[in-house]
Amino acid sequence: MRMQRVWAWVALAFGLVYFFLPLIGTVEFSLRMRRGEYSLDAYRVVLSDPRFQQTFSYSVVMALCTIVVGVLIVVPTAYWVRLRLPRLRPIVEFVTLLPLVIPPIVIVFGYIRMYNTSSFLPLTGSATGTNFLLMMGYTTLALPYMYRAVDTGLRAIDIRTLTEAAQSLGAGWFTIMARVIMPNVLVAILSGAFLTFAIVIGEFVLAALLNRPAFGPYLQLVGANRAYEPAALAVIAFSITWICMGLIQLVTRFSRHTQARR
Amino acid sequence: MGYLHISNLQKSFGPTQVVKDFNLSVEKGEFISFLGPSGCGKTTTLRMVAGFETPSAGTIQIEGRDIVRLRPNQRNIGMVFQSYALFPNLTVADNVGFGLRVAGVSRAERAERVAEMLGIVGLGEYGARYPFQLSGGQQQRVALARALAVRPQVLLLDEPLSALDAKIRVSLREEIRAIQRKLGITTIYVTHDQEEALSMSDRIVVMNNGVAEQVAAPYEIYNRPTTRFVANFVGTLNLIEAQVADGPAGVVEIGGTPLPLGRPVQGATVALALRPESVSLVPASGRDVPLPAEISEVHFLGSVIRIRARVGTASLSLDTFNTPDAPPPPVGEQARIWLNPRDLMVLEE
Amino acid sequence: MDIPDARPRRQLPLHWLGILPFTAFAVLFLIWPTMHIVAGAFRTPQGDFTLQNIANLWTPSIIASYWISIRISFASALLGCVIGFAIAAAVTLGGLPRGIRGPLLTFSGVASNFAGVPLAFAFLATLGRLGLVTVLLREWFGVNIYAMGFNLLSFFGLTLTYLFFQIPLMILIITPALDGLKKDWREAASILGATGAQYWRIVAFPILWPALLGTFALLFANAFGAVATAYALTGSSLSIVPILLFAQIRGDVLQDPHLGYALAFGMILVTGIANLIYVILRARSERWMQ
């Protein structure tokens, strides 16, 4: 028992060193821009760069759109499959897991070849079309996480009874979806949404290959040409991910609170 | 000194003392039940015998050897868990043979012993199945076979039947008792179900708040509980505050009727306890005394009819057997109920 | 279609219409594009069937790319599984304070999503030539890791970097599985005379095996498809398959568009095989489950 605890501490300590050294290293490096002393110069340079502001806001908008589209596709599907088509569940689940198996670069390669200017649906021909394609690509990448979060949320509530109760009170499908199901899985949706946000905000491959001015390619560009700014950007990106995860924790805890009161 | 001897056993988790000064001596081959409400320390005591918890103080001896310092896997004790705890990845036969396998018993010898054990619990045909393919009752029988396969010195059962249906509970408890008798294995059985404890045990340890309140045979526990807790916990009980009419002579009054207890009592009132089956609507013997009463509730339970009757300020439950030609009295009827004053138990605080 | 009796027709479509949006989305943006690539790998520019594209993959440089990709993915998945398992086991079963668990899982959630370009920056800032650890090792202990042959832009360096998201992913997935190990099993094993090692060998590992395998396959695919980290870290100096494909898509460096399809098909094949092996092994090890 005692020996076991020693090993447990060793494993944990190893993990702590491995995970915190790069973080400390990055923070330290990002402060080194001014010779001989620590300063926030790298952050100042980065934050005042107009391209930072442009690409960052582009990616934020992209992430928000992805979340909306993702929710609109995933929630009704997960609900419907649980309610009416339980036999399709293995297939739908398999499809939602495919983006974890097929490398994203292959998927975007397919987009570029399928939706080029000479195809039946020339999405890459215009900026709007390409933006749309990128958004759908992000929705695909986020699909496994979003679907799992929502499906777990649906499992926790008795959707059949809720649906029948709403129907007996005269609610239509839209009302059931918007007023009954969505609010009940809101926490699950939010978890999925924050995760999606974290994924989209720093995504590189899709944006680079579709040639859109997103935050990921900007990061790469800065990384290739500057010394200290990349570290500052990494710190910023990491903070954003942290905030997203923190928010997931927060909404989950909040939901436990409301459940306890029920 | 008994075969299994527990003395001055204590266990504290932080500031809360879960087991306080527990003493027990068990004879070889005896079947002992620990009976009590949840949180009374019965499971903790059992887990200390098994070695999963370390006592804060005290000794546990088997055949005179102190085992407190031994790890569970060195104690040669068998245990059956409430959740069965069968290894889901092993077949029934491999589960039963697990203890022999880790002890390095040869494959052939193992197979023989496994077949023998499965035969004893009546699952000879099920060796190749996996636990999930068995019913709860079958799983628990496999768990019993697994615990017994290593020929332990002591068998511990931790609420083994509480996850099962009522019917299987009854049949399995008879089976467990029969197997225990046949193998003559010293057994401790933890339960919160008094019927189980009463029907299976040689002796019962009634526990409350980490203390053994009474250790006695089932008949004694039921008929002569020594504490208010035991009287209350085991069986259903009428609790009556009776007026003392004549303390030295031991005469009390219930609803105005004087009743001789046959022993002196003190104070103005006394707490009495009475089993529902000791009260009846017709006299059972010449010594029964009638009390005027009003029938306030009638519950038809099938073979038994449970009636509540008001006697003065007291409310008494009484059980009568159902007979087709004597329908239960209607609610509100004025009746007489009969009891033998000797059945009244005087409870000490 | 003019079927006079409309009633039986109405029953079915209403039922299935519910997943039409999802199906359309999945087909248009996931399945069809992938199939397009797969089909392209077996076609000549004129559209005829051919195996030539696949055969063209058998050039030393492309084979070498696949080989190093597979090695990095395998190594980072294996190490990620082992280390992640050790940490998860330490926290769930090792008797560490309960308070560690929540923060560890939250951190794992963050770190497992911290792939991509910023991760490369973090490791450059730490283990690059001017990174914190490199400098401190040199100044405090006189150890120059770069003189000793260490290079962040190498097989070893990339594996080390990938572990930063592989280990947390393992922790996230395996912790619930470890929680699924009932305390009773361990106690039952020990009262039956088993040592801790025997319990792990005969009971716990076989039960965890499917989860371990599944996570390994997932980690492998995860590393195999990762482009951003490697690209930001090494530019195109380390020729792993996804980087080669990236360059091919951008500028047709192989000077053969259909070789690009074949390259992508190869990637699907590798991750597909990894997952197929997982599915088969899992089915085999789960005989004892419902």
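The values are calculated or read from the model by the stated rules, or taken from the named source; none is laboratory data. Owing to the predicted nature of the structure, the values given are computational and were not obtained by experimental measurement. Note that each Cβ is placed from the backbone with ideal geometry, even for glycine, and that neighbours are counted across all protein chains shown. With ligands, DNA and RNA removed, areas are computed over all heavy atoms of the protein, side chains included. Shrake-Rupley method; radii C 1.70, N 1.55, O 1.52, S 1.80 Å.
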Being open to solvent by 60 Å² or more (accessible area, probe 1.4 Å) and in contact (Cβ under 8 Å) with a residue 12 or more places away in the chain is the filter here; which residues of segment A:76-99 pass it?
A:93, A:97
Counted residues, segment B:37-54 - those being in contact with a Phe, Trp or Tyr (Cβ under 9 Å, 6 or more places away or on another chain) and farther than 14 Å from residue B:156 by Cβ:
3
Please go through segment B:274-312 and give me each residue that is among the β-branched types (Val, Ile, Thr), over 31 Å from the mean Cα position of the chain (by Cα) and in a strand (DSSP E or B), ordered by number.
B:289, B:295, B:311
Selection within segment C:18-46 - of a type in the set (Ser, Thr, Tyr) and either under 12 Å from residue A:77 (Cα atoms) or buried (at least 19 other Cβ atoms within 10 Å of the Cβ) (or both)
C:23, C:34
Which count do you get for residues in segment C:164-190 that are over 25 Å from residue C:75 (Cβ atoms) and open to solvent by less than 10 Å² (accessible area, probe 1.4 Å)?
2
What do you reckon, is residue C:263 closer than 19 Å to residue C:94 by Cα, touching a residue at least 24 places away in the same chain (Cβ under 8 Å), buried (at least 20 other Cβ atoms within 10 Å of the Cβ) and not β-branched (Val, Ile, Thr)?
no
Given the conditions (1) open to solvent by less than 20 Å² (accessible area, probe 1.4 Å); (2) facing another protein chain (nearest Cβ under 9 Å); (3) without any contact (Cβ under 8 Å) to a residue 60 or more places away in the chain, which single one is not true for residue C:208?
(2)
Say whether the condition of being surrounded by fewer than 18 Cβ atoms within 10 Å (Cβ to Cβ) and in contact with a helix residue (DSSP H, G or I) (Cβ under 8 Å, 6 or more places away or on another chain) is met by at least one residue in segment C:77-89.
yes
For the condition outside any helix (DSSP H, G or I) and of a type in the set (A, V, I, L, M), what is the one hit in A:33, A:62?
A:33
Listed by first then second residue, the pairs whose first member lies in segment C:113-133 and is more than 8 Å from chain A (Cβ to nearest Cβ), whose partner is among the hydroxyl-bearing types (Ser, Thr, Tyr) and in a helix (DSSP H, G or I), with beta carbons under 6 Å and at least 6 positions apart or on separate chains, are C:115/C:229
Can you pull out the residues in segment A:146-175 that are under 30 Å from residue A:99 (Cα atoms), aliphatic (A, V, I, L, M) and either open to solvent by 70 Å² or more (accessible area, probe 1.4 Å) or more than 27 Å from the chain's Cα centre (by Cα) (or both)?
A:156
It is to be established whether one or more residues within segment C:182-191 are more than 12 Å from chain A (Cβ to nearest Cβ) and assigned to a loop (DSSP other than H, G, I, E, B).
yes
Name the residues in segment C:123-158 that are open to solvent by 10 Å² or more (accessible area, probe 1.4 Å), within 28 Å of residue C:109 (Cα to Cα) and within 25 Å of the chain's Cα centre (by Cα), would you?
C:124, C:127, C:153, C:154, C:155, C:156
Residues of segment A:193-225 being open to solvent by 30 Å² or more (accessible area, probe 1.4 Å), within 22 Å of residue C:247 (Cα to Cα) and either within 10 Å of chain C (Cβ to nearest Cβ) or free of Cβ contacts under 8 Å to residues at least 12 places away in the same chain (or both), which ones?
A:211, A:220, A:221, A:224, A:225
The residue that is nearest to residue B:82 (Cα to Cα), considering only those in segment B:156-190 that are in contact with a strand residue (DSSP E or B) (Cβ under 6 Å, 6 or more places away or on another chain) and hydroxyl-bearing (Ser, Thr, Tyr), is B:189
Please state which of the following conditions residue B:271 fails to meet, knowing it meets all the rest: (1) over 32 Å from the mean Cα position of the chain (by Cα); (2) surrounded by 15 or more Cβ atoms within 10 Å (Cβ to Cβ).
(1)
Residue C:53 fails exactly one of the following numbered conditions: (1) more than 11 Å from every other protein chain (Cβ to nearest Cβ); (2) at pLDDT 90 or above; (3) surrounded by 17 or more Cβ atoms within 10 Å (Cβ to Cβ). What is the number of that condition?
(2)
Taking segment C:227-260 and keeping only residues that are open to solvent by less than 20 Å² (accessible area, probe 1.4 Å), within 10 Å of chain A (Cβ to nearest Cβ) and not in a helix (DSSP H, G or I), one is left with C:227
Check off (1) aliphatic (A, V, I, L, M); (2) within 32 Å of the chain's Cα centre (by Cα); (3) surrounded by fewer than 18 Cβ atoms within 10 Å (Cβ to Cβ) for residue B:245 and give me the number that stays unchecked.
(2)
Quick one: which of B:118, B:123, B:134 is within 13 Å of chain C (Cβ to nearest Cβ) and open to solvent by less than 40 Å² (accessible area, probe 1.4 Å)?
B:134
Within segment C:102-122, considering residues that are touching a Leu at 6+ places or on another chain (Cβ under 8 Å) and among the polar types (S, T, N, Q), the one surrounded by the most Cβ atoms within 10 Å (Cβ to Cβ)
C:108
Being open to solvent by less than 30 Å² (accessible area, probe 1.4 Å), within 12 Å of chain C (Cβ to nearest Cβ) and under 18 Å from residue A:203 (Cα atoms) narrows A:112, A:102, A:73 down to just A:102
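Matching residues to (1) under 20 Å from the mean Cα position of the chain (by Cα); (2) within 9 Å of another protein chain (Cβ to nearest Cβ); (3) open to solvent by 50 Å² or more (accessible area, probe 1.4 Å); (4) at pLDDT 90 or above:
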| position | (1), (2), (3), (4) |
| --- | --- |
| A:1 | no, yes, yes, no |
| A:8 | no, yes, no, no |
| A:19 | no, yes, no, no |
| A:28 | no, yes, no, no |
| A:37 | no, no, yes, no |
| A:50 | no, no, yes, yes |
| A:58 | yes, no, no, yes |
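Here's the yes/no breakdown for (1) in a helix (DSSP H, G or I); (2) at positive phi; (3) within 9 Å of chain A (Cβ to nearest Cβ):
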position	(1), (2), (3)
C:194	no, no, no
C:199	yes, no, no
C:202	yes, no, no
C:268	yes, no, yes
C:271	yes, no, yes
Only residues that are in a loop (DSSP other than H, G, I, E, B) and within 20 Å of residue B:171 (Cβ to Cβ): list them for segment B:105-154, please.
B:121, B:122, B:123, B:134, B:135
Mind listing whichever residues of segment A:231-250 are of a type in the set (Gly, Ala, Ser) and either facing chain C (nearest Cβ under 8 Å) or surrounded by fewer than 17 Cβ atoms within 10 Å (Cβ to Cβ) (or both)?
A:231, A:234, A:237, A:239, A:246
Those residues that are assigned to a strand (DSSP E or B), among the hydroxyl-bearing types (Ser, Thr, Tyr) and open to solvent by 10 Å² or more (accessible area, probe 1.4 Å), I need them from segment B:1-58; list them, please.
B:7, B:12, B:16, B:25
